[in-house]
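Please read through the structure below; I'll follow up with questions.
Values quoted throughout were computed directly from the atomic coordinates according to the rules given, and no laboratory measurement underlies them. A quick note: this is a predicted structure, and the numbers were derived from the prediction, not measured. Cβ coordinates were reconstructed from backbone atoms using ideal geometry, including for glycine residues, and neighbour counts include every protein chain displayed.
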Amino acid sequence: MYEKTNTCCFTGHRSVPADALSRVVDRLVARIRQLYAEGYRRFITGGAIGFDTLAARALIVLKREYPDLHFTMMIPCADQDARWTAAQRAEYARHKAAADEVIILRERYFDGCMQQRNAAMVGASSAVIAFVTRPRSGTGQTVRLAKSAGARVFNVAEEG
């Protein structure tokens, strides 16, 4: 059973600058490894484009090394990918197929469904790995929510 104490979620912007991509991925993988070593086993992504995609890719690779790592996708709505490109939808489908668990919160998009998903992920987690460079954003709002809930927050945009 996965408890809040051994669950980590991810939040981040929809784009990561190309010149920072390699550094961000290295920091992301290092944080997942660190939390795994501390006993974290469940990792939740929101399935969005950008940082969530990077987190899903990392989890899929790390599951080969850590077979008991549990990859959950918590999707805000079943039609989340409706406006994505064909390539983005194909990768999203691969991630859903590779996940150990897919939770779909609502059938259709509505104003506020992304924030609802973010709150659900934070509510299930005691740690958050974030990529936040703009505090006045949905990601920034999720980080503030996590901090107010007492979660440990690691911002891979700032780590050295």
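Can you give the FRET efficiency for V102 and Q34, using 1/(1 + (r/R0)^6), R0 = 35 Å, r = Cβ-Cβ distance, to the nearest 0.05? Let's see the in-between values first.
Details: r = 26 Å, r/R0 = 0.74.
It comes out at approximately 0.85.
If you don't mind, there's one more thing I want to ask. Hand me the trypsin sites (Lys or Arg not before Pro) from region 35-143 located in a DSSP loop with no more than 13 other Cβ atoms within 10 Å, in residue order please.
Working: sites: R41, R42, R57, K63, R64, R83, R89, R94, K96, R106, R108, R117, R136; in loops: R41, R83, R106, R108, R136.
Passing sites in region 35-143 are R83, R108, R136.
Pairs of Cα atoms under 8 Å, at least six residues apart: use those to get the relative contact order of region 4-155, whole percent.
Working: 249 pairs, mean separation 44.8, N = 152.
After rounding, I find 29 percent.
Tell me, which longest segment in the chain has none of the GluC sites (Glu not before Pro) that fall in DSSP loops with at most 12 further Cβ atoms within 10 Å?
On the way: sites that count: E3, E38, E107, E158.
With GluC sites (Glu not before Pro) excluded where exposed in loops, the chain gives 39-106 as its longest stretch.
Within 11 Å, Cβ to Cβ, of R152, how many net charges do the neighbouring residues add up to if Lys/Arg are +1 and Asp/Glu are -1?
Numbers: positive: R31, K147; negative: E38.
Net charge around R152: +1.
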